Amino acid sequence: MRNVSIHQLDHTPRTVVAIGTDYSHGYLLPRHSHRRGQLLYGATGVMQVSTQQGNWVVPPQRAVWIPAHVPHEVLMLGVSTRSLYIEPTAITALGDNCQVIRVSPLMRQLLMEAVEMPLEYDETGRDGTLVSLLLHELTRATHLPLHVPLPDDPRLLALCLAFLQQPDVQQSPGRWAEHVHLSLRTFSRVFRQHTGLSFVQWRQRACVVQALARLASGDAITRIALDFGYESPAAFSAMFRRVLGQSPSTYLEGAK
């Protein structure tokens, strides 16, 4: 099915409902939730998913898992999506937290085929087999570190949100500690408690996630590196490689 609201199809008597939707650049899906779990795949463009737990940037040819009943909003940057809405009891391997996953070539083709199936497809025929294979592929998908966790502490949250709006690698944990009137040691402990990451790890993750959206929009690596406060594109690329295991250019090439 294409360009149809899940609310019209939610109670279809099938474990998996597949929908394809095209969005204009900059379209914002307001905060909402689904009764079913959702696999949201972007065939083109970049998606920015936000929940109370953090932000996820989903580059082209990647997907994000959004569990059932998790409130979320999605900013679409030139995205054509393929979504699977899955009954909560049908898949448990992906857990109760949002996560970005790598989409294998096989899964990509299955997703493209799924949205062309009849709504009440034959569960014992080819379409039912296709859905079953999709669920198997999902359980073995690789998770990607494209999540920027957000703290509950209002003081830390304000600093994190400001950083995401304007990443600056020159910001130090000492400066943030002074801002919230904590010693550096206490700040480091509290920050890790709230985010699960050290300040430096969180700062690198935030820079990579925000850079991916700009890279996919066509911004030059040099421009991004300088805007983020890196001394050179090489320094930015080295940090990017530490987080994702590939240079920015190699990573984008793999997303095509």
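What follows is calculated from the coordinates using simple rules that are stated; it is not laboratory data. In this text, all values refer to a predicted model and were calculated from it rather than measured experimentally. Every residue, glycine as well, gets a Cβ built from its backbone with ideal geometry; the counts of neighbours run over all protein chains shown.
Rounded to the nearest 500, what is the chain's calculated 222 nm mean residue ellipticity when only DSSP H runs of at least 4 contribute -39500 (n - 2.57) each, over all residues?
The helix contribution divided over the chain gives -11500 deg cm²/dmol.
What FRET efficiency would be calculated for the residue pair Arg223, Thr92, taking the C-beta separation as r and a Förster radius of 41 Å, to the nearest 0.05?
0.45
Using only Cα atoms, find the angle between the long axis of helix 233-244 and the longest principal axis of the chain, and express it within 0 to 90 degrees, rounded to the nearest 10.
50 degrees
Specify the residue with the greatest mean-square fluctuation among Gln99, Gln204, Gln170, computed from a Gaussian network of the chain linking alpha-carbon atoms under 10 Å apart.
Evaluated over the chain, the most mobile residue of the options is Gln170.
For semi-axes √(5λ) of the Cα gyration tensor in Å, several values are listed as (i) 29, 26, 16; (ii) 26, 21, 19; (iii) 35, 20, 15; flag the one computed from this structure.
This structure yields the entry labelled (iii).
Given a Förster distance of 45 angstrom, what is the FRET efficiency for Val4 paired with Leu157, based on the Cβ-Cβ distance and rounded to 0.05?
Given R0 = 45 Å and the Cβ-Cβ separation, E is 0.80.
Under the 0.36 nm per residue contour assumption, what length would be gained going from the current alpha-carbon distance of Thr142 and Arg189 to full extension?
13.9 nm
GNM, the chain, Cα, under 10 Å: largest mean-square fluctuation among His181, His69, His194?
His181
Can you tell me the orientation of helix 184-195 relative to the chain, as the angle in degrees between its alpha-carbon axis and the longest Cα principal axis, to the nearest 10?
So the inclination is approximately 10 degrees.
Between Gly95, Gly78, Gly20, find the one with the highest GNM mean-square fluctuation for the chain; connect C-alpha pairs within less than 10 Å.
Gly95
How far is helix 199-216 tilted off the main Cα axis of the chain, in degrees rounded to 10, range 0 to 90?
It is inclined by approximately 50 degrees.
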